[in-house]
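Engineer: The structure under discussion is supplied below as structure tokens; questions concerning it will follow.
Throughout, read-outs are computed from the coordinates displayed, never taken from laboratory work. The structure displayed is predicted, hence computed values, not measured ones. A quick note on method: Cβ atoms are made from the backbone with ideal geometry, for glycine too, and the neighbour counts reach across all protein chains shown.
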Amino acid sequence: MRSFRQTSLVVDPPNGRMPPLTADGQKRTDETQARRRSRPSSWEDRSLYDRCLTRGPIGSILPVIYGNGLEIHQTPHDVVIRYEMIHETRIIPIDTRPHVNEAIKMYMGDARGHFEGDTLVVETKNMIGKTAIGLNGNGSPLSPSTTLVERFKRVAGDQIDYSVTVTDPETFTAPFTIAFPITPQPDYQVLPYECHEGNMALANILSAARAEDRAIAEARAKGLPEPKFNNDDGPIFAPARE
């Protein structure tokens, strides 16, 4: 895999930073961080990634520490993108059919594609309001009014230039664009990513939280100091520096 000298994946605005959050976007981000940093009361307090559900359309393609493989297939009527991690697959119609009814919300949104010259342009709407722009789909939750516009352009036999423009006036004070190249790695295989099968992480997280609850209750009943536990996973979103 080739590396590229990008100091930031954000190419617009020119300072390479995501725009500030709106007041509502900050509120939802703070609430999400508070749930992730506390002892979970249920599985819903953990991320969609922790729960092996999805990383969202952009979290699925952003480069992370492992599992960055993807396959892109084209048929006469669709483009299909298969992501290795969380075994997510997007089917993107490239005919003239309209978006589905706006009342229908989906984790990966509703995508429609068309070609502008040799560039595939994909517009995604109908977001569920729980996914995010960030590594593995973590970050400030996007609102259901989000529109994503992705562009895929083959610039060489071994490179596709990719970009996505994010417009979410409920979450960010301005649109922004992320861009980076997609390149192949010789002999790479997209392998099955069995996230749920044999995965005891979520059960262990919840059982440990209930054990901590019992330890605190026992200490209180005996009039002893409450035991302290480290439940801070760190920030899920680092705001842009001024």
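Engineer: Could you compute the net charge surrounding Ile133? Neighbours are other residues with a C-beta less than 11 Å from the C-beta of Ile133; K and R count +1, D and E count -1.
Structural biologist: Residues near Ile133 contribute 0 overall.
Engineer: Please state, to two decimals, what the Cα-based radius of gyration of the chain comes to when divided by 2.2 N^0.38 Å (N = residues).
Structural biologist: 1.14
Engineer: Here's a follow-up. Per-residue HN-Hα couplings for region 191-205, Karplus 6.51 cos²θ - 1.76 cosθ + 1.60 at θ = phi - 60°, whole Hz, x for Gly and Pro?
Structural biologist: So the J values, rounded to whole Hz, are 9, x, 10, 7, 6, 7, 5, x, 8, 9, 4, 5, 4, 5, 4.
Engineer: If you don't mind, there's one more thing I want to ask. In the structure displayed, which of Lys27/Lys105; Lys105/Lys228; Lys130/Lys153; Lys27/Lys153 lie more than 31 Å apart, Cα to Cα?
Structural biologist: Violating the 31 Å Cα-Cα cut-off are Lys105/Lys228; Lys27/Lys153.
Engineer: Here's something else I'd like to know. From Cα pairs below 8 angstrom and at least 6 apart in sequence, can you work out the relative contact order of the chain, rounded to a whole percent?
Structural biologist: 23
Engineer: Let me ask something else. Can you tell me which of Thr183, Thr29, Thr75 moves the most in a GNM of the chain? Springs connect C-alpha atoms under 10 Å apart.
Structural biologist: Looking only at Thr183, Thr29, Thr75, the biggest GNM fluctuation is shown by Thr75.
Engineer: Convert each backbone phi in region 171-188 into a coupling constant with the Karplus relation 6.51 cos²θ - 1.76 cosθ + 1.60 (shift: θ = phi - 60°), then list the ³J(HN,Hα) values in order as whole Hz, x for Gly and Pro.
Structural biologist: Per residue, the Karplus-derived 3J(HN,Hα) values read 10, 10, 6, 7, x, 8, 10, 10, 8, 6, x, 10, 10, x, 10, x, 6, 5 Hz.
Engineer: Divide by every residue of the chain the summed helix terms, -39500 (n - 2.57) for each DSSP H run of at least 4, and state the resulting mean residue ellipticity at 222 nm, rounded to the nearest 500 deg cm²/dmol.
Structural biologist: The per-residue figure over the chain is -5500 deg cm²/dmol.
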